Each structure stands twice: as structure tokens, then as C-alpha cells.
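Here, each number is a calculation from the coordinates, and none is a lab measurement. Predicted model only: the values in this text are computed from it and were never measured. So basically every Cβ, Gly included, is an ideal-geometry build from the backbone, and we count neighbours across all protein chains shown.
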Amino acid sequence: MSIFFSARELVNISIGIEGNGATFYDSLVDSTKDAAVQAAYKHLADKEREHIEIFQNMLGSVGDYQPPETLTEEYEAYLKALIDSFIFTDDKVARDIAQKVSSDVEAVQIALSVEKESILFYTEMRELVRSSDRDIVNRVIKEEKSHMRELIHLKKSLIG
């Protein structure tokens with residue numbers, strides 16, 4: 001049984017990932033009284049929305065491009081497992097998780113996990129899009145890594 005993803009499907013999945021991330025960060029803004037933490041969450045939500053726009057623009061260029069048929073069933077199953085393992089399966093789940101966090105440190109730890117998942121997915125996705133779109137995916141990966149650095153810095157400041 002072959003799963004096979006088109007580049008368009010992968011980009012649409014990416015739009016969903018970024019949308020769920022923006023929802024999570026937006027929901028966290030109200031969960032804290034710390035102005036610096038609120039500003040960090042707002043900044044991260046804005047960056048996720050920028051990524052949505054990047055991927056939406058990418059949709060026009062991927063067209064009906066199909067990744068190489070040399071992908072194995074095992075690799076396709078791996079990609080599906082990556083997608084299925086995302087913490088935020090939709091925006092409602094992202095909102096619910098944000099509302100249930102008990103501390104800013106817990107929220108940041110969840111955010112770090114989500115950013116790691118995104119980097120892993122985009123790293124795999126990069127190999128499945130046209131070479132002309134790889135630079136775009138590389139840029140998003142670089143930004144996701146910068147989000148991780150911001151979150152680690154935020155976590156350290158919260159812990160003291």
C-alpha cells in the first residue's frame with residue numbers, strides 16, 4: 001500500500017502546521033501576565049503567520065509536481081507517521097493545550113517540542129519539493145531554528 005504525497009499536499013500540511021502554531025502562540029498570550037513573555041508569544045505567532053504566507057505563495061509554484069517515484073513505501077509511511085505524531089492536530093487542539101498549561105515554563109517546553117517537530121518535517125519535505133523551492137524551505141527551517149533559540153532563551157529567563 002503506497003501513501004505517496006504530492007508536493008502540493010506537503011505544502012498544504014505545512015500551512016496547517018504553521019496555522020496551528022500561530023493559534024497556540026496566540027492562545028498563550030492571554031495565559032501569562034508577564035509582558036516580556038506575552039511579547040515573545042506575539043512575535044512567534046506573527047512569524048508563524050509569515051510562514052503561512054510563504055507556503056501559500058509556494059503553492060503556485062509546486063503545481064502538480066510529484067516527488068520522485070524512488071521513494072519507498074517505508075519512507076512514505078515514515079512521513080505519514082511524522083505528520084500523525086504532531087502535537088497539534090488542529091487549531092482546536094492547539095488552543096486547548098495552550099489553555100491547559102500550568103506555567104510559562106511548561107508552555108515554552110511544549111513550544112520547543114512543536115518547533116522540533118516542524119524542523120524535522122520541513123527537513124524531510126525539503127527533499128521532496130522541486131529544487132527551485134528548496135531555498136524557500138531552507139529559509140523556513142532556518143527561521144524555525146531561530147524560534148527554538150528564542151524559546152530556549154525565554155525558558156532560561158523564566159527559570160532564572
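Scanning the stretch 19-35 for residues that are acidic (Asp, Glu) and in a helix (DSSP H, G or I) returns a single hit, 26. In the set 118, 113, only one residue is under 24 Å from residue 32 (Cα atoms) and in a helix (DSSP H, G or I); that residue is 113.
Checking 157, 146 one by one, the residue that is of a type outside the set (Asp, Glu), assigned to a helix (DSSP H, G or I), within 28 Å of residue 104 (Cα to Cα) and touching a residue at least 24 places away in the same chain (Cβ under 8 Å) is 157 and no other. Checking each residue in the stretch 98-110 for being exposed (fewer than 14 other Cβ atoms within 10 Å of the Cβ) and either on the phi > 0 side of the Ramachandran plot or not in a helix (DSSP H, G or I) (or both) picks out 102, 103. Remark: pairs (first residue in the stretch 74-93, assigned to a helix (DSSP H, G or I); second residue among the polar types (S, T, N, Q) and surrounded by 14 or more Cβ atoms within 10 Å (Cβ to Cβ); Cβ separation under 7 Å; 6+ apart in sequence or on different chains) = 91/20; 91/23.
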